[in-house]
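One structure is given below, encoded as structure tokens.
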Amino acid sequence: MSIGVCLIEDKVNNLITNKISLQDLTEFSFIIGANPSKGARSPVLWNKVYKAQGRRTKMLPLDVEEANLEKLIMVLQKELTCLGGAVAVPYKEKLFAILSNNCNETIRKIGAINCIFRSNPSDQFFSCTNTDGEGALKPIAKILDDKKPLKIGLVGYGGAGKAIAGFLQQYKDKHEILLFNRTIPNKKFSDEREINFIDLKELPSKISEIDILINATSVGSQNNLNEKLIQREYLHKLKNSSLVYDIIYDPPETMLLRDSKEIGLNVINGMEMNLLQAVLAYKHTNNTTLSLEELKAIMGSSD
């Protein structure tokens, strides 16, 4: 390991709560969050591709406390052997605030990022984007593209919720989008984003109108398995034809999806979204000639 790589390894390890090794690597990518080392799926997916390509590259999980977040991203930005990487909860909005000058206008409107990259290998500054929205909508694209107008209930306006809401705007002339959240922004904020914000407390009274219910919060994930925002009694009010879509992938079946299945509703979990956003983010971050379909095939393989 060169002196330069050894130095960056020490700097990073001094800022994170887990430990990484850059031994035998010529370059690296990362997933940065509160605790991605405890089960984030992206390192498994990206490292399959690196292995298939025979690259001495790895995606490494970086567990960081908020107090060290900006210091860490600045250290990584200065190191050109760092390609960029993915952003996990709860820092999609916080890292957007740090890197917003290097985002395009679409991403600025979303206000959250999940992918950091260099526009070219010698670029001294990170750029950023968000692949959550595109990845989330692909599994339900056929339903959204159908002629029938739908009511879509999106729950949560955190990092992923912002991205999904942003990408749903392309359907606003066809489908009605209701965004349920615990806090309601002012009218100017809502009007600028053309989003109909509704207090989450009102969901029980409106749920019977909804055709697609999307949970974009982390409630029900591994960190809070026994929590749910939407009680089973309210799910009974959904139409028999309604779809319940939980973007959480770990566990593959949340309490929300389990309740919905037992009632007889159609359900989708976040596994496909997670794979698709990882494919899109890999393409942004890594210099590769592999197509999106080729990347999806490698990442989705069982070996």
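The values are calculated or read from the model by the stated rules, or taken from the named source; none is laboratory data. Predicted model only: the values in this text are computed from it and were never measured. Because the Cβ atoms are built from the backbone with ideal geometry, glycine has one as well, and the counts that use them run over all protein chains shown.
Scanning the range 99-140 for residues that are small (Gly, Ala, Ser), in a helix (DSSP H, G or I) and touching a Lys or Arg at 6+ places or on another chain (Cβ under 7 Å) yields one hit, Ser100. Just one of (1) touching a helix residue (DSSP H, G or I) at 6+ places or on another chain (Cβ under 7 Å); (2) crowded, with 19+ Cβ neighbours inside 10 Å; (3) at pLDDT below 95 trips up Thr81, so point out which. Every listed condition holds for Thr81 apart from (2). Among the residues of the range 38-65, just one is of a type in the set (S, T, N, Q), outside any loop (DSSP other than H, G, I, E, B) and farther than 21 Å from Met271 by Cα, namely Thr57. With respect to the conditions (1) of a type in the set (D, E, K, R); (2) crowded, with 19+ Cβ neighbours inside 10 Å; (3) more than 20 Å from the chain's Cα centre (by Cα), Asp246 lacks only one, and its number is (3). For the range 19-37, the set of residues classified as among the charged types (D, E, K, R) and not in a loop (DSSP other than H, G, I, E, B) consists of Glu27 only. Under the condition of being farther than 17 Å from Val64 by Cα and loosely packed, with under 12 Cβ neighbours inside 10 Å, the residues counted in the range 8-34 number 3.
Taking the listed residues Ile184, Ile164, the one that is under 15 Å from Leu213 (Cα atoms), in contact (Cβ under 8 Å) with a residue 12 or more places away in the chain and among the aliphatic types (A, V, I, L, M) is Ile164, with no other qualifying. Selection over the range 84-98 of residues that are touching a helix residue (DSSP H, G or I) at 6+ places or on another chain (Cβ under 7 Å) and part of a helix (DSSP H, G or I) gives a count of 5. Screening Glu227 against (1) under 15 Å from Phe180 (Cβ atoms); (2) surrounded by 13 or more Cβ atoms within 10 Å (Cβ to Cβ) leaves a single unmet condition, (1). Filter the range 61-78 down to the residues that are aliphatic (A, V, I, L, M) and free of Cβ contacts under 8 Å to residues at least 40 places away in the same chain, then identify the one that is surrounded by the most Cβ atoms within 10 Å (Cβ to Cβ). This residue is Leu69. Reported count of residues in the range 182-203, each being surrounded by 13 or more Cβ atoms within 10 Å (Cβ to Cβ) and part of a helix (DSSP H, G or I), is 4. Which members of the range 204-218 meet the condition of being in contact with a strand residue (DSSP E or B) (Cβ under 9 Å, 6 or more places away or on another chain) and in a loop (DSSP other than H, G, I, E, B)? Within the range 204-218, Ile210, Asp211, Ala216, Thr217 meet the criteria. Suppose the filter is under 19 Å from the mean Cα position of the chain (by Cα) and of a type in the set (D, E, K, R); does Glu105 pass it? It is true that Glu105 is under 19 Å from the mean Cα position of the chain (by Cα) and of a type in the set (D, E, K, R). For the range 226-235, the set of residues classified as over 10 Å from Pro204 (Cα atoms) and at pLDDT 95 or above consists of Arg232 only. Of all residues in the range 146-181, those satisfying the criterion of being within 15 Å of the chain's Cα centre (by Cα) and part of a loop (DSSP other than H, G, I, E, B) are Gly156, Tyr157, Gly158. Taken as a whole, the condition of being out of contact with any Phe, Trp or Tyr (no Cβ under 7 Å at 6 or more places or on another chain), of a type outside the set (Ser, Thr, Tyr) and touching a residue at least 12 places away in the same chain (Cβ under 8 Å) does not apply to Glu105. Against the conditions (1) over 30 Å from Phe117 (Cβ atoms); (2) modelled with pLDDT of 95 or more, Leu275 satisfies every one except (1).
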